[in-house]
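Encoded as structure tokens, the structure appears first; notes follow it.
The values are calculated or read from the model by the stated rules, or taken from the named source; none is laboratory data. Not measured: the values here are computed from a predicted model. Because the Cβ atoms are built from the backbone with ideal geometry, glycine has one as well, and the counts that use them run over all protein chains shown. Heads up: the accessible areas ignore ligands, DNA and RNA and are worked out on the full protein's heavy atoms, side chains in. Shrake-Rupley method; radii C 1.70, N 1.55, O 1.52, S 1.80 Å.
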Amino acid sequence: IERTFSMIKPDATKRNLTGAITKKLEDAGLRVVASKRVWMSRRQAEGFYAVHKERPFFDELCEFMSSAPTVVQVLEGENAILKNREIMGATNPAEAAEGTIRKEFATSIGENSVHGSDAPETAAEEIRYWFSDTEIVG
Ligand code: GTP
Ligand code: MG
């Protein structure tokens, strides 16, 4: 059994899509073992996305992520990391497959409704960034 980190981004929380997105994750067999609503600071956004700090969209990304609340979650299940990436769909909603979260809900490549860890190492790191061990109840 594997764990991954998931985030429902500001564009989605503003449109009241927390439940709709979580339902898609649960319907795919992922279990929400931790969840909280967080309005992150600019500094927290910069820390979370530090790997992207040389990318041209870094400022825009951190501004957006700290512009309204997000919901951070830990998901558990068989192949949770890959499964979550599949349900999310491509980064750019224009390229996302039918039935994916980004196809259904995302409005642009920047405001793309969800984040999901891309590998076991980043999953562990991202879970640790937002949650203490006692907040995760499997
Ligand atoms: P995450 O699950 O959020 O990491 O998405 P990803 O792995 O599909 O994309 P990537 O790691 O390449 O980029 C991280 C995030 O930066 C994306 O989810 C977008 O929100 C944002 N991003 C990526 N490319 C662009 C871009 O060209 N413009 C803007 N504004 N944001 C971008
Ligand atoms: Mg990524």
Quick one: Kirkwood hydrodynamic radius for the chain, alpha-carbon pairs, angstrom, one decimal?
14.9 Å
Taking the Cα centre of the stretch 6-63 as origin, sum charge times position over the Cβ atoms of Lys and Arg (+1) and Asp and Glu (-1), and report the length of that vector in debye to the nearest 20.
260 debye
Please calculate how many Å² of accessible area the chain carries per residue, with a 1.4 Å probe and no DNA, RNA or ligand atoms counted.
54 Å²
Of all lysine pairs in the chain that are eight or more residues apart or on different chains, those with Cα atoms under 21 Å apart total 17
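Carbon and sulfur atoms: what percent of the 1.4 Å accessible area of the chain do they account for?
49 percent
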Quick one: net charge of residue 113's neighbours, Cβ under 13 Å, K/R +1, D/E -1?
+3
Below 8 Å, C-alpha to C-alpha, sequence gap of six or more: please give me the relative contact order for the chain in percent.
37 percent
Using the crude model of +1 on Lys and Arg Cβ and -1 on Asp and Glu Cβ, and no other charge, please compute the dipole size for the chain relative to its Cα centre, in debye to 20.
420 debye
